[in-house]
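The values are calculated or read from the model by the stated rules, or taken from the named source; none is laboratory data. The model shown is predicted, which means the values in this text are computed figures rather than measured ones. We place every Cβ from the backbone using ideal geometry, glycine too, and count neighbours over all the protein chains shown.
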Amino acid sequence: MEEVAVLAVLSALAAGMASLTAVVVQWTAFTTTPYRASVVQFVLLMMAGMFTGVLVYFGIGGIPGVVAGFWVAGVWMSASVLLVFLAFAREHLPGHKEPAGPPALAHRTGFAASVVGLVLVNEVLMGWSFSLLSHGLPVGLGPGGDRLGLVLAGAVVSPWFVFPMALEMALTLRWLLHVAPAPMRRYLLIQPAAMVCSPPTLAGLPWAVTTAAGASVVMALAVGFLLLSLFRGEDLPARVLAFAECLLAIFGVMAVGLYLWAVFGNTELFAVSLLLQMILFLHASTDPFFYSERSGVPIDSPASGERSGNPFDSEGRATVASGGDQNPRNL
């Protein structure tokens, strides 16, 4: 009964973390000022500090581990507040505020990359720490510990990584599908299913057989979508085509990883494929307007002949049905 209660609490926490991360990713896509960017980074750093504190506790153990875990988490969270304070000072304090309003975010690509990295770290740390709390993994730290690579691979293929990530993808798709170009949506829709179809995640032959069959179907759909587009002569934007090709390459890595897991029990390559799939999806969701182009010409380029404007309201909802035909980078 106690084990069931622990699993229930951890499941609720994991669902909450996935929902919060999905919200933060949406903030990232529509953030245009340094202050809002610092708030996004603060939330992610705070989550990373909490998970790191859990790992420190398990690495040390006992009362000293509890104290050290609280100190590490507290110092990490306190340091991350500096990002918000400095950005707030530059935008709002007297003598720092720009006369024409808050400054624009200068390095959006770097900001999006930092969010992708932090989300990746948080998901791995959550998989690792929650697996330890549910007694599903060895600690993998300290002298004489297990190989860290094997432990990290176990954390990535664990249900505490796979299922929250799939939920986060599904929640993100609620708004991302209204922003992404139409030819790209089919590839986005199959990614949560591909994340769930992970045979090493749960024990038991029924799960392994069902998810292996599901993974085969998802991979076949991805190939079929691309071949159908090429057969019909669809003019896929260059970046959407590159996204589809990257996804197919990742599915190829996943297929090899599944073979290594089934034959040798090695999960490391399969874990790498999950991480790569996550990075690809996060890139699309943190900077979806990167893919808004036609025939290789970005929408905000004068050569495209499109009217530049902001097709989103204050909450980031699309106000046009073009699915990314206009450029919302003015947010």
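What to note about this one:
- Some residue of the range 151-164 being touching a strand residue (DSSP E or B) at 6+ places or on another chain (Cβ under 6 Å), in contact (Cβ under 8 Å) with a residue 24 or more places away in the chain and crowded, with 18+ Cβ neighbours inside 10 Å: no
- One residue from Ala208, Ala193, Ala215, Ala222 being within 19 Å of the chain's Cα centre (by Cα) and crowded, with 16+ Cβ neighbours inside 10 Å: Ala193
- Hey, Leu202 touching a helix residue (DSSP H, G or I) at 6+ places or on another chain (Cβ under 8 Å), among the aliphatic types (A, V, I, L, M), more than 30 Å from Ala29 (Cα to Cα) and in the same structural domain as Asp287 (by TED's automatic domain parsing) or not: yes
- Candidate set: the range 34-53, residues that are polar (S, T, N, Q) and closer than 15 Å to Phe85 by Cβ; chosen: the one surrounded by the fewest Cβ atoms within 10 Å (Cβ to Cβ): Gln41
- Among the residues of the range 190-204, not a single one is without any contact (Cβ under 8 Å) to a residue 24 or more places away in the chain and part of a helix (DSSP H, G or I).
- Lone qualifier among Ala79, Ala106 - being assigned by TED's automatic domain parsing to the domain that holds Ala14 and modelled with pLDDT of 80 or more: Ala79
- Residue within the range 245-260 that is touching a Leu at 6+ places or on another chain (Cβ under 7 Å) and in contact (Cβ under 8 Å) with a residue 60 or more places away in the chain present: yes
- Residues located in the range 55-88, provided they are of a type in the set (Val, Ile, Thr) and under 24 Å from Val25 (Cα atoms): Val81, Val84
- Residue within the range 86-95 that is touching a residue at least 12 places away in the same chain (Cβ under 8 Å), in contact with a Leu (Cβ under 9 Å, 6 or more places away or on another chain), of a type in the set (A, V, I, L, M, F, W, C) and part of a helix (DSSP H, G or I) present: no
- For Leu276: the one exception among (1) at pLDDT below 95; (2) part of a helix (DSSP H, G or I): (1)
- Tally, over the range 1-36, of residues that are outside any helix (DSSP H, G or I) and farther than 27 Å from Arg108 by Cα: 1
- Lone qualifier among Val39, Val67 - being part of a helix (DSSP H, G or I) and under 21 Å from the mean Cα position of the chain (by Cα): Val39
- Any hit, the range 164-171, residues being over 23 Å from the mean Cα position of the chain (by Cα), acidic (Asp, Glu) and not assigned by TED's automatic domain parsing to the domain that holds Leu274: no
- Single residue of the range 1-29 satisfying the filter (surrounded by fewer than 19 Cβ atoms within 10 Å (Cβ to Cβ) and within 18 Å of Met169 (Cβ to Cβ)) that is farthest from the chain's Cα centre (by Cα): Ser11
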